[in-house]
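Novice: Here it is, the structure, as structure tokens.
The values are calculated or read from the model by the stated rules, or taken from the named source; none is laboratory data. Just so you know, these numbers come straight off a predicted model, no measurement behind them. Quick reminder, even Gly has a Cβ in these numbers, built from the backbone with ideal geometry, and neighbours come from all protein chains shown. Calculation scope for accessible area: heavy atoms of the full protein, side chains included, ligands and nucleic acids excluded. Shrake-Rupley method; radii C 1.70, N 1.55, O 1.52, S 1.80 Å.
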Amino acid sequence: MRIHAIQTGTVRVKTAQVQGRRHGLIDVFLDPNWTDWVPTYAWAIEHPDGVIIVDSGQGTHLLEHSRELNPYVRWEVAFQIQREQEIGPQLRSLGIGLRDIKKVVLTHLHMDHDGGLAHFPDSEILVPAGELAKARGWLGRLRGYLPHRWPTWFDPKPVDLPTEPFGPFTHSQRLTKEGDIVAVATPGHTPDHISVVVQDGDAAIFLAGDASYNQALMLSGTVDGVSADRKVAKATLAAIKRFTQSRPTIYLPTHDPESGTRLAQRQYA
Ligand SMILES: [Zn+2]
């Protein structure tokens, strides 16, 4: 199996979002300090059954975020991306055509993860069911999602991970017949957030989405500033850490500046 790290531009947020403080989102708005620009990765897994895409990255429409009504979207996040950095053109230059893609899995529906959906008009798209319910319509827009930016044809398959233990995770679902690619519930950053684990021989590649913004924050159990339930988020970080201690694991958060190198050099957590 081969996994490609596809960087779809960069993003920056307030420092209080990455490392949560006492009052969560309020602290994010009050924080004058921005993080460095960090990458936004999407992933393409070349599996014998077909390519599985995990997250779709950013799209150039995000450059217009300051016109959105939601105050978080408007003021608390900024993007850099050019059209050829979107996932579609990058897949083409990797030689991966739309027909090669078996499915697209989204860890959650935040705008830097669903921003490349327009490139997958003919693919089966899997989205956590609870995430889809929260992101839809006007209420979704109030919550900071961008459902009005979804392609008109967007009609994903909602997935409700069954109670099926996978290591320390209570809910999981196989994404391939062999069970070598598994979606696991990693609630916290959003209540229905999922991650994708690729089992490659003795090693695991953990596509973490925004379960943590980088590896150090996962290892230290530091909850971010947008998790609604800090206890749940902390339990998820602890579960991920236990998982990384149970087998050699390459841990790959979407926005970790080291994720690309860690995958290329197979560095374990
Ligand atoms: Zn997110």
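Novice: Looking at Asp49, Asp27, Asp31, Asp55 in this structure, which one is among the acidic types (Asp, Glu) and free of Cβ contacts under 8 Å to residues at least 40 places away in the same chain?
Specialist: Values: Asp49 fails: free of Cβ contacts under 8 Å to residues at least 40 places away in the same chain; Asp27 fails: free of Cβ contacts under 8 Å to residues at least 40 places away in the same chain; Asp55 fails: free of Cβ contacts under 8 Å to residues at least 40 places away in the same chain.
Within the list Asp49, Asp27, Asp31, Asp55, the selection yields Asp31.
Novice: Having 3 or more residues that are open to solvent by less than 10 Å² (accessible area, probe 1.4 Å) is the bar; report the strands (runs of 3 or more DSSP E) wholly within the range 1-105 that clear it. Before the answer, list the steps.
Specialist: Values: elements: 2-13, 38-47, 50-54, 77-80, 101-105.
Because the criterion is at least 3 residues that are open to solvent by less than 10 Å² (accessible area, probe 1.4 Å), the strands (runs of 3 or more DSSP E) in the range 1-105 that meet it are 2-13, 38-47, 50-54.
Novice: Taking the range 127-153 as the region of interest, how many residues are more than 14 Å from the ligand (Cβ to nearest atom), open to solvent by 10 Å² or more (accessible area, probe 1.4 Å) and within 21 Å of Gln173 (Cβ to Cβ)?
Specialist: 3
Novice: Still on this structure, I have one more. Taking the stated definitions as given, is Asp229 under 23 Å from Val73 (Cβ atoms), open to solvent by 10 Å² or more (accessible area, probe 1.4 Å) and more than 14 Å from the ligand (Cβ to nearest atom)? Write out each step before concluding.
Specialist: Numbers: under 23 Å from Val73 (Cβ atoms): yes; open to solvent by 10 Å² or more (accessible area, probe 1.4 Å): yes; more than 14 Å from the ligand (Cβ to nearest atom): yes.
For Asp229, the condition - under 23 Å from Val73 (Cβ atoms), open to solvent by 10 Å² or more (accessible area, probe 1.4 Å) and more than 14 Å from the ligand (Cβ to nearest atom) - is met.
Novice: For Gly144, are the conditions met, namely being touching a helix residue (DSSP H, G or I) at 6+ places or on another chain (Cβ under 6 Å) and in a loop (DSSP other than H, G, I, E, B)?
Specialist: Judged against the criteria, Gly144 is a match.
Novice: Being within 12 Å of the ligand (Cβ to nearest atom) and either under 17 Å from Leu132 (Cβ atoms) or in contact with a Pro (Cβ under 6 Å, 6 or more places away or on another chain) (or both) is the filter here, so list the residues in the range 198-212 that pass it.
Specialist: Hits for the range 198-212 are Ala208, Gly209, Asp210, Ser212.
Novice: Among the residues of the range 114-126 satisfying the criterion of being under 19 Å from Trp43 (Cβ atoms) and of a type in the set (Asp, Glu), which is most open to solvent (accessible area, probe 1.4 Å)?
Specialist: Restricting to residues being under 19 Å from Trp43 (Cβ atoms) and of a type in the set (Asp, Glu), the top hit is Glu124.
Novice: Turning to a different aspect of this structure: Condition test on Thr163, is it hydroxyl-bearing (Ser, Thr, Tyr) and either within 16 Å of the ligand (Cβ to nearest atom) or closer than 27 Å to Glu46 by Cα (or both)? Lay out the reasoning, then the answer.
Specialist: Numbers: hydroxyl-bearing (Ser, Thr, Tyr): yes; either within 16 Å of the ligand (Cβ to nearest atom) or closer than 27 Å to Glu46 by Cα (or both): no.
No, not satisfied.
Novice: Okay, next question. Ala204: among the hydrophobic types (A, V, I, L, M, F, W, C) and in a loop (DSSP other than H, G, I, E, B), yes or no?
Specialist: On the way: among the hydrophobic types (A, V, I, L, M, F, W, C): yes; in a loop (DSSP other than H, G, I, E, B): no.
No, not satisfied.
Novice: Taking the conditions exactly as written (within 16 Å of the ligand (Cβ to nearest atom) and among the small types (Gly, Ala, Ser)), does Ser195 satisfy them or not?
Specialist: yes
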